Amino acid sequence: MHFPRIDTEAIIVVVTACSMSAMVIYLAMPRAAPAELVDQSLRNHWRMPPLEELPPRPLNLLNKVWMLVLRACLVVAAGLVLVRILTLAKAGA
């Protein structure tokens with residue numbers, strides 16, 4: 001799939017707008033409190049509990065936003081692959 005009417009300037013505008021949007025979203029998110037310090041001398045005795053015993057990780061707003069962004073990228077990529085497959089199938093028929 002080609003887009004002959006898109007020039008370099010248009011691509012730069014889109015990439016810049018997306019980058020600026022991501023930066024604004026990142027700066028607007030509240031910062032998490034720093035983690036408490038752990039005694040490093042006990043490091044060799046740390047053990048992780050079985051996965052079944054671990055509670056689900058709570059998602060803060062920043063994590064939810066980025067999960068939404070990643071899902072949107074995945075949907076767009078899958079859609080573009082589907083369009084390409086249909087274009088190739090149509091051309092071969």
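Laboratory data are not the source of any read-out in this text; all were calculated from the coordinates shown. What you see is a predicted model; the values in this text were computed from it and never measured. Ideal geometry is used to build each Cβ from the backbone, glycine not excepted, and the neighbour counts take in all protein chains shown.
Summary of values
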| read-out | value |
| --- | --- |
| Selected from Val24, Pro56, Val14, residue furthest toward positive end of dipole (the chain; charges at beta carbon) | Val14 |
| Cα-centre dipole for the chain with unit charges at Cβ (Lys and Arg positive, Asp and Glu negative), debye to 20 | 280 |
| Dipole magnitude of the stretch 25-75 about its Cα centre (Cβ charges: Lys, Arg +1; Asp, Glu -1), debye to nearest 20 | 220 |
| Structure-derived P(r) over Cα pairs in 10 Å bins from 0, in percent - corresponding label in (1) 14, 41, 32, 11, 1; (2) 11, 21, 26, 20, 13, 8, 1; (3) 12, 13, 12, 11, 10, 9, 8, 7, 6, 5, 4, 2, 1 | (2) |
| Globularity ratio of the stretch 1-42, using Cα Rg and 2.2 N^0.38 Å | 2.26 |
| Cα long-axis angle, helix 8-28 against the chain (0 to 90 degrees, to the nearest 10) | 20 |
| Rounded tilt (10° steps) of 61-92 against the dominant C-alpha axis of the chain | 30 |
